[in-house]
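Participant: Sharing a structure here in structure tokens format.
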Amino acid sequence: MWQRVGKFVLARRQALGLSQDDIHRALGYAGRMTVGNVERGLAGVPVKRVYAWADILNVPRDAFFRFVTGESTSMDLHASGDSGARSAHVHLTAAEAELLARYRALPPKLQRQLREHAAELETVARTTSTKR
């Protein structure tokens, strides 16, 4: 089972343009060895961290949980009814993936502050572009 999950994690990480460093930092692991072990099928995704892995990999949380626990043998990127679902068909640039990984590594309070600041910057950009 771990090898099946590992192959998926590796393929998904590469499809998103993320490095093992991006994943381990975002998940708070001490080093990328944990990510490498999961990808090689030497270790499983810890059940208590499945949703965090799903968020980083931009896949539906519930579907990934079923996949990791063996309840499902394939990963359905288009699972419905998943409150934590992310749009799986969106392809991120490397810069976007890096920004997302850094955002997800922040504590919730700083994530909220960053969203507020981004909204302010968006307003400034709109007003600047309308003045030209």
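Participant: Return the calculated 222 nm mean residue ellipticity for the chain, to the nearest 500 deg cm²/dmol, obtained by summing -39500 (n - 2.57) across DSSP H runs with n ≥ 4 and dividing by the residue count.
Facilitator: It lands at -19000 deg cm²/dmol.
Participant: In what sequence do 72, 129 fall when counting other Cβ within 10 Å, fewest first?
Facilitator: In order of increasing Cβ crowding within 10 Å: 129, 72.
Participant: Could you list 112, 104 in order of exposure, starting from the residue whose Cβ has the fewest other Cβ atoms within 10 Å?
Facilitator: With the fewest neighbours first, 112, 104 line up as 112, 104.
Participant: What distance in nm lies between label points placed 7 Å from Cα along the C-beta direction at residue 72 and residue 123?
Facilitator: According to this spin-label approximation, the distance is 4.0 nm.
Each value in this text was obtained by applying a stated rule to the coordinates, not by laboratory testing. In this text the structure is predicted, and so the values were computed from the model without any measurement. As a convention, Cβ positions derive from the backbone with ideal geometry for all residues, glycine included, and neighbour counts pool all protein chains shown.
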